[in-house]
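Trainee: Below: one structure in structure tokens.
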Amino acid sequence: MSPVASGNIPGPERVPPGMETSVRTTDAVVVGAGQAGLSAAYHLRRRGLRFVILDAEEGPGGAWRHRWDSRTMSTVNGIRELPGMPEVTAEAAEPANRAVPAYFADFESRFEVPVERPVRVTLVEDDPVAAESPHPPLLVHSVGPDGARRAPIRTRALLSATGTWTRPFVPALAGAASFRGRQLHTVDYVRAEDFAGQRVAVVGGGISALGFLQEIAGVGRALWYTRREVEFQEGPFTEEVGRAAVAGVAGRVRQGRPVGSVVSNTGLRWTPELREAAREGLLARRPMFTRITPSGVVEADGTTTELDAILWATGFRHELRHLRPLGLRGPLGGIALDGTAVAGDPRIHLLGYGPSASTIGANRAGRAAVSSLLRTLQGSLAPA
């Protein structure tokens, strides 16, 4: 009898001693222990489902572990408490890359969530033993910190909460390999002082790019490049604006269209800091350069600019490469969702994808996914 039917609450599964090479079986596998993954784990345990939670990081905190040092608690947006936890409390000047991981660690300890880490999920596929079933169990393959293959996990459902941090996007541009200076992405940025006295191209039209511009301008020369003109909107970011943005993203996801960036859905808004930056000439946006040379770039007008570094604040892609064997993408280029579940495959839930790509949305997605899984597991899916 399944734990759902019997009412037993076994909680998360640990790797049994001596069973590292044997297939394990569970009701659900959660991939990723960030906000969405931990929220899902909380509700899975409360609802009595067996589960395994895998995380590629060395410790708690998800992508927050890698935020740059100047990203303090006073400058982050929308940090929300995890389910069953008090609000995040930290000094305004404390770096978020310390405060948020500590909060996640407290959650894992308080609710005894034995996250298996560092474990990287490499592949999710239909279980060949039950391939003829309409919705066969899934096999989850992973590797440990040394790259060695771990025991596959047979599961009835998978909740993918892998986020985007591990898939930074850098546009292909002629001459990039020839540049003798430093090229880095948002994921590599640590502190502005690393660019003291340098000429730095900051590429990107989002909030992170604007922050980097202002920081680097304090120690060197920062030049701003974007593909298209950037429009700033007046007025505060209200709940109504946020709801409209989420609704727009949700509509694209239901249709199976690619999910755009945060800025493309919410827009950039003037703040006192940005107005001051504009007065100082920091927001003198340049059209995207056409080519990279060993010593700099070729501007859109054909002139050249010498540079010491190029910082690509050009966004991310969702980390879903482990799901490729399942063929989830539709003809419009995205993955259609029904709530958090993949529309054509109720075994798979995407958390932190589309409208749930925020701390508030991630919490809600974790709860909604588990409620949906209970309905699905009690009916249509074959036992693992």
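The values are calculated or read from the model by the stated rules, or taken from the named source; none is laboratory data. Predicted model, so just to flag it, every value in this text is computed and none were measured. Positions of Cβ are backbone-derived with ideal geometry, glycine not excepted, and every protein chain shown enters the neighbour counts.
Trainee: Counting only residues that are over 24 Å from the mean Cα position of the chain (by Cα) and part of a loop (DSSP other than H, G, I, E, B), how many does segment 153-183 have?
Mentor: 6
Trainee: Evaluate the following for Val200: is it under 22 Å from Phe316 (Cβ atoms), in a strand (DSSP E or B), touching a helix residue (DSSP H, G or I) at 6+ places or on another chain (Cβ under 8 Å) and modelled with pLDDT of 95 or more?
Mentor: Numbers: under 22 Å from Phe316 (Cβ atoms): yes; in a strand (DSSP E or B): yes; touching a helix residue (DSSP H, G or I) at 6+ places or on another chain (Cβ under 8 Å): yes; modelled with pLDDT of 95 or more: yes.
Spelling it out, Val200 is indeed under 22 Å from Phe316 (Cβ atoms), in a strand (DSSP E or B), touching a helix residue (DSSP H, G or I) at 6+ places or on another chain (Cβ under 8 Å) and modelled with pLDDT of 95 or more.
Trainee: Taking segment 204-230 only, how many residues are more than 25 Å from the chain's Cα centre (by Cα) and farther than 24 Å from Leu173 by Cα?
Mentor: Residues in segment 204-230 being more than 25 Å from the chain's Cα centre (by Cα) and farther than 24 Å from Leu173 by Cα: 4 in total.
Trainee: Scan segment 135-190 for residues that are within 30 Å of Val297 (Cα to Cα), in contact (Cβ under 8 Å) with a residue 60 or more places away in the chain and of a type in the set (A, V, I, L, M) and jot them down. Let's see the steps before the verdict.
Mentor: Step one: filter segment 135-190 for residues within 30 Å of Val297 (Cα to Cα), giving 164-190.
Filter again for in contact (Cβ under 8 Å) with a residue 60 or more places away in the chain, leaving 164-171, 173-176, 178-187, 189-190.
Val170, Leu173, Ala174, Ala176, Leu184, Val187, Val190, listed by residue number.
Trainee: Let me ask you something else. Only one of these conditions is not met by Arg329: (1) at pLDDT 90 or above; (2) closer than 24 Å to Gly62 by Cβ. Which number is it?
Mentor: Of (1) at pLDDT 90 or above; (2) closer than 24 Å to Gly62 by Cβ, only one is false for Arg329: (2).
Trainee: Go through (1) at pLDDT 90 or above; (2) within 24 Å of Pro136 (Cα to Cα) one by one and return the number of the condition Ala309 breaks.
Mentor: Against the list (1) at pLDDT 90 or above; (2) within 24 Å of Pro136 (Cα to Cα), Ala309 comes up short only on (2).
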